[in-house]
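Beneath this line is the structure, given in structure tokens, with notes to follow.
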Amino acid sequence: MMGKIPTMRKKTWRDRIADLVKPKGKLEAKAVSLKAGLGATFVSDLINKGRTPSVENFVAVAEALGVSPLFLVYGDENPKIAIPVIGIVAAGEGWIAADDAGFDPIEFAIDGDDMVGIEVRGDSMKPVYREGDFLVCRRHEGRNFDNFIGLDCAVLTDDGRGFLKILRRGSRPHRYNLKSYDPHVDDVEDVQLKWVAPVTWIKRHER
């Protein structure tokens, strides 16, 4: 009689904590607990007694282990989510169902390296962005930002001014124009930039 093929259980954050403290067992678990500013048996209780930590304590344990909370939860610093494409929107603003075979899922990920957030206040950027929207941007430092020309970007100029505008080329290398969304607001021309952060994700304000 053939036996059943064993199924591989998906690792949990408890398993990853256990893997990280395993080399020294209880001594390492105690050291991590104390480094996180928690009780001496806190990490052991997470692993062995099914204790569920608060978000604050979970982050403290991750930091004490030298990893990110994302790694403990997903096993990856930059987890990705596959989002199915269900339709197409075109002229007239109506959408129609998409052929499942014709579209690959969109891979959604928030990179872990130098992500920053911007909250929108007021209505000067309507209809692109609305009051209360939260924009996630990926920051890049340096001098050459030509790869981001034409994109919506949060920027910081060399003289310390912050803007959220459309990045354009300036009159010479390493100079940039910042085009405003609102036609009543002046563009900013020929500025040098400390960093540029293209908008990668928008969390719409829930009304």
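The values are calculated or read from the model by the stated rules, or taken from the named source; none is laboratory data. Fair warning: this is a prediction, and the values are worked out from it, not measured in the lab. Don't worry about glycine lacking a Cβ; one is built from the backbone with ideal geometry, like all the others, and counts go over all protein chains shown.
Summary table below
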{"read-out": "Residue within region 165-185 that is under 30 Å from V67 (Cα atoms) and outside the structural domain of G87 (by TED's automatic domain parsing) present", "value": "no"}
{"read-out": "Region 117-140, subset assigned to a strand (DSSP E or B) and touching a Leu at 6+ places or on another chain (Cβ under 9 Å), residue surrounded by the most Cβ atoms within 10 Å (Cβ to Cβ)", "value": "C137"}
{"read-out": "Selected residue [under 16 Å from the mean Cα position of the chain (by Cα), assigned to a loop (DSSP other than H, G, I, E, B) and at pLDDT below 80] from D111, D104", "value": "D111"}
{"read-out": "Scan of region 40-94 for residues that are modelled with pLDDT under 80 and assigned to a loop (DSSP other than H, G, I, E, B), ordered by number", "value": "G75, D76, E77, N78, P79, P84, V85, I86, A90, G94"}
{"read-out": "Pairs, first surrounded by 14 or more Cβ atoms within 10 Å (Cβ to Cβ) in region 162-174, second among the small types (G, A, S), C-beta under 6 Å, six or more apart", "value": "L164/A154; K165/S180"}
{"read-out": "Hits in region 128-150 (condition: touching a residue at least 24 places away in the same chain (Cβ under 8 Å) and among the charged types (D, E, K, R))", "value": "R130, E131, D133, R138, R139, E141, R143"}
{"read-out": "Residue that is surrounded by the fewest Cβ atoms within 10 Å (Cβ to Cβ) [pool: residues in region 22-60 that are closer than 19 Å to Y74 by Cβ and more than 26 Å from the chain's Cα centre (by Cα)]", "value": "I47"}
{"read-out": "Members of region 186-207 found to be within 24 Å of G132 (Cα to Cα), in contact with an Asp or Glu (Cβ under 6 Å, 6 or more places away or on another chain) and part of a loop (DSSP other than H, G, I, E, B), listed by number", "value": "R204, H205"}
